[in-house]
Amino acid sequence: MHHGGEVAGLPMASTGPDRDGLELDVLKVALGPVLPGWPTGLVLRADLQGDVLTSAELAWLDADALRTGQAPQDSQCAALDRLAHFLDVAGWPTAARDARRARDGLVGGVDREAAQRLAQAVARRVRRSRTLSWTAGGIGQVASQHRAGEGVVDRVRRWCDIASGQPVEEPPATSLDEVAALVEGAEIGSARLIVASLDITPVPAASTPEHVHA
């Protein structure tokens, strides 16, 4: 039986074939623009079929204002900030708090040596986490020629290196089309980890492909 429409302003599920050929409910969902650990202003719209996302599309809300409001950060502080957001999503609040404390200490410059030690301790703890490797291992693997096979854990470990003060070459920011391809077929929890592991930079609306506004 096919059904759809809205009740009290909320979309009802329709049905569609899944990857095994079964008919599953399909629900329209949206993540963002405000969500803990989520890039501010980013909206992901997709169909939730069973427990996975399909037909994912992403767009920025008022990307020009978001770019204007961003304060510049050096690479180490930026990595600590990204690491903190990821750890929030991964459910590791104490490590996220320490990453922010280290970032604030480096920015404030009151006791940079203590902040540097804290940054290195956080990075070391996250890099060695077996739970992180088990939880996020194998998901969000990029297929581009520059980062082929790189997944969530690889990106987080690179942030750990940068956050600890090591000179590491950072890859270019990820486009929304690349993000959509990465979250396609992922569960919502995995999709949030994938997005949190990426450097996603707002782009002006005129530069955003038209199809992401659908």
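Of the helices (runs of 4 or more DSSP H) lying entirely inside the range 114-206, the ones with 2 or more residues being in contact with a Ser or Thr (Cβ under 9 Å, 6 or more places away or on another chain) and β-branched (Val, Ile, Thr) are found at 152-163.
If you check residue 115 against the conditions, is it aliphatic (A, V, I, L, M) and farther than 25 Å from residue 49 by Cα?
yes
Taken as a whole, the range 29-42 holds at least one residue that is closer than 21 Å to residue 136 by Cβ, at pLDDT below 95 and either of a type in the set (Val, Ile, Thr) or touching a helix residue (DSSP H, G or I) at 6+ places or on another chain (Cβ under 6 Å) (or both). In the range 152-193, the qualifying residues are those that are acidic (Asp, Glu) and touching an Asp or Glu at 6+ places or on another chain (Cβ under 8 Å), and the one that is nearest to residue 123 (Cα to Cα) is 170. Taken over the range 130-153, the criterion of being surrounded by fewer than 18 Cβ atoms within 10 Å (Cβ to Cβ) and closer than 18 Å to residue 99 by Cβ is satisfied by 131, 135.
If we keep just the residues of the range 159-174 that are surrounded by fewer than 16 Cβ atoms within 10 Å (Cβ to Cβ) and small (Gly, Ala, Ser), which is nearest to residue 47 (Cα to Cα)? Going through the qualifying residues, I end up with 173. Exactly one residue out of 112, 67, 97 is modelled with pLDDT under 95, surrounded by fewer than 19 Cβ atoms within 10 Å (Cβ to Cβ) and within 29 Å of residue 188 (Cβ to Cβ): that is 67. Pairs linking a residue in the range 86-111 that is among the charged types (D, E, K, R) to a residue that is in a loop (DSSP other than H, G, I, E, B), with Cβ atoms under 9 Å and 6 or more positions apart or on different chains, are 88/36; 88/37; 103/73.
When residue 88 is tested against the conditions (1) modelled with pLDDT under 90; (2) out of contact with any Asp or Glu (no Cβ under 8 Å at 6 or more places or on another chain), the lone failure is (1). Looking across 122, 126, 156, 195, one residue alone is farther than 18 Å from residue 103 by Cα and crowded, with 21+ Cβ neighbours inside 10 Å. It is 195.
The values are calculated or read from the model by the stated rules, or taken from the named source; none is laboratory data. Keep in mind it's a predicted model, so treat the numbers as computed, not measured. Cβ sites come from the backbone with ideal geometry, for glycine too, and all protein chains shown count toward neighbours.
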